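Following: one structure in structure tokens, then a few remarks.
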Amino acid sequence: MSCRKIRTMMSAYVDEELTGVEMMEVRSHAYSCRNCGHELEEMARLKRLLSEMPPPEPSEFMAEKIMASVRASDHVVHPRLQVRWTVLAGGVAAIAAGYAIATVYRTTADPMQTVDRIEPTIDLRQDRAYAVGGDPFAGAPMVVPVSR
Amino acid sequence: MIGAIVRQKTAISERDIALFEKLFKESHKQAFGLACRMTGNCSEAEDLLQEAYVRAYRFFDRYDRSLPFASWLYRIMTNAYIDSVRKKNRLRMLSFSQSTHEAPAGFDFADPEASPEYALMRNALDDTVQAGLLSLPVEFRLAVLLADVEGLAYEEISEIMQTSIGTVRSRIHRGRQRLREYLVKKNPNKYAEMMS
Ligand SMILES: [Zn+2]
């Protein structure tokens, strides 16, 4: 097997993600080819270097702060507000439809791209309701007021 | 449909909240470490982590309990991070085109140490390896971190990044190659020392 082919397999080799036969091919090539042997050793050292980086420690207040905002996120809906769901659904459905089209469009246009996963949602402020989403093509925020 | 979204927000039972808190306690330290390495900045990491847990809680009923919570959380976190990087890049493109009529050279920083944001970062992780990680395109950086820092298998990484195993494999390979090139170029002496 050529040096070039072996080199494309080296990362997967150090990650133990090759088949048994492939592992043996890389190992025997690296044993007899000095350059590839050296390259393989460097790959393995780089991996070790990364895995041995000391994990950063969070501040002592972080956990409490995050759980507090998680709990607070539970109270987005104003309890006294009566919204006509059918009307509201219209606004959000429009955004959601845009998303569905955009998802298909983007997935087929470029499979390497991660499709944005901003979920369409609603936002209720005082006595007004808004459907909130993003312009699925440009990604700009889109806010649609929903009348009652 | 909207009815379902709203109900979802309010219908999480007390027992689920207790379970969520338990999963949070088990996962947040490790997730914080990953977020710091992803962003290169621990105060940005805290914001990212908060965003990820809030999203996870909102969609907690979609979490498949037979799978590790950390994988699901990392999927949410990487999506949130990629969203924010894209948003920043769009703003940067905009400010570049307005000020100099030139587009920036690359999507991520070609040289993170030279950027003003990097200099202004608080709590920045300032070693050479971290700077090298930040110089990688975001997808490469994430794949390398998930493999090497988190020690995950390609299959798990492909679930988190929602891509094929082949793509994961090539992202890791190219990510490591670029990281090495960066280290050799930036700090050859230190690189030699690291590799000895
Ligand atoms: Zn060779």
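The values are calculated or read from the model by the stated rules, or taken from the named source; none is laboratory data. What you are looking at is a predicted structure, and each value in this text was computed from that prediction instead of being measured. Every residue, glycine among them, receives a Cβ derived from its backbone with ideal geometry; neighbour counts consider all protein chains shown. Note: areas computed on protein heavy atoms with side chains; ligands, DNA, RNA excluded. Shrake-Rupley method; radii C 1.70, N 1.55, O 1.52, S 1.80 Å.
Take each residue in B:83-89, count the other chain C-beta atoms within 10 Å of its C-beta, and the mean is 2. Burial of accessible area (probe 1.4 Å, heavy atoms of protein chains only) in the range B:146-163, relative to its chain alone, reaches at least 20 Å² for B:Asp148, B:Val149, B:Tyr154, B:Gln162. Backbone phi angles across the range A:25-34, fed through the Karplus curve with coefficients 6.51, -1.76 and 1.60 (θ = phi - 60°), yield HN-Hα couplings of 4, 5, 4, 6, 5, 5, 6, 9, 10, 5 Hz in residue order; Gly and Pro are listed as x.
Summarising the label geometry, the points placed 7 Å from Cα in the beta-carbon direction at B:Ser164 and B:Met194 lie 3.1 nm from one another. Using a 1.4 Å probe over protein heavy atoms, the accessible area lost on pairing A with B, summed over both chains, comes to approximately 5100 Å². Distance between the pseudo-spin-label points of B:Lys87 and A:His38 (7 Å out from Cα toward the beta carbon): 4.7 nm.
When the square roots of the Cα gyration tensor eigenvalues are ordered a ≥ b ≥ c, the ratio a/c for the range A:3-51 is 1.5 or more and a/b does not exceed b/c, which makes its shape oblate. Close amide H pairs (under 5 Å, H built 1.01 Å from N) link B:Asn41 with B:Leu125, residues at least 5 positions away or on another chain. Solvent exposure of the range A:3-51, expressed per residue, is 60 Å² of accessible area, with all protein chains present and a 1.4 angstrom probe. When you filter the GluC sites (Glu not before Pro) in the range A:1-82 for DSSP loop state and at most 16 other Cβ atoms inside 10 Å of their Cβ, you are left with A:Glu16, A:Glu52, A:Glu60.
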